[in-house]
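The values are calculated or read from the model by the stated rules, or taken from the named source; none is laboratory data. Given the structure is predicted, the values throughout are model-derived calculations rather than measurements. With ideal geometry, Cβ positions are generated from the backbone for all residues, glycine too; neighbour counts draw on all protein chains shown. Ligands, DNA and RNA are excluded from the accessible area calculation, which covers all protein heavy atoms including side chains. Shrake-Rupley method; radii C 1.70, N 1.55, O 1.52, S 1.80 Å.
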Amino acid sequence: MSRMISDLVEFSRVETRGASFAPVDMDKVAADAVANLALAIDEAVAVLTIQPGLPACLGDREQLVRLLQNLISNAVKFRHPDRPVQISVGGRIRDDGRREYWVADNGIGIAPEHHQRIFMIFQRIGNVQVAGTGIGLAVVKRIVERHGGEIHVDSAADQGATFRFDLPG
């Protein structure tokens, strides 16, 4: 219950307690997110690949660490039981100057009918039983939207998932 209250407070503070936007080194953001998850990544024997030279963006650094941390954490949690965990993080500068980032995994995947629902608070899908409050992807979406971006998932059941989001340059 205390974890749920803490997560709800975090969810509500995305808008009200966010820092001003400034240039952000996304390589350092990714490194911090991975450092925060080192134990979980090690326990899952996950192979995590981060594209070098992720494009910098404008944003709230702490929120962007949380965003990547939540996406990587979900990739570890929702791993497929029959294959080693593989996660990749990448990014590019689009033709319109916006930065696009992605976190891809080879986990259990998400059926298309659940793609929008997973970003709603307290929503869980299927019979998957993992620790958590069901707030993580709602926080991710709220952070992306606070930054003027959009997030979506490309996935199919049993085929892994790729979460893509864009941020200002």
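General remarks:
- Output for the range 114-147, where each listed residue is at pLDDT 90 or above and either within 23 Å of A46 (Cα to Cα) or not in a loop (DSSP other than H, G, I, E, B) (or both): L137, A138, V139, V140, K141, R142, I143, V144, E145, R146
- For the range 91-108, the set of residues classified as out of contact with any Cys (no Cβ under 9 Å at 6 or more places or on another chain) and in contact (Cβ under 8 Å) with a residue 40 or more places away in the chain consists of I93, R94, G97, E100, W102, V103, A104, D105, N106, G107, I108, listed by residue number.
- When residues of the range 44-83 are limited to those that are assigned to a strand (DSSP E or B) and not hydrophobic (A, V, I, L, M, F, W, C), the one least open to solvent (accessible area, probe 1.4 Å): G59
- Among the residues making up the range 148-167, those that are open to solvent by 20 Å² or more (accessible area, probe 1.4 Å), of a type in the set (D, E, K, R) and not in a loop (DSSP other than H, G, I, E, B) are D154, R164.
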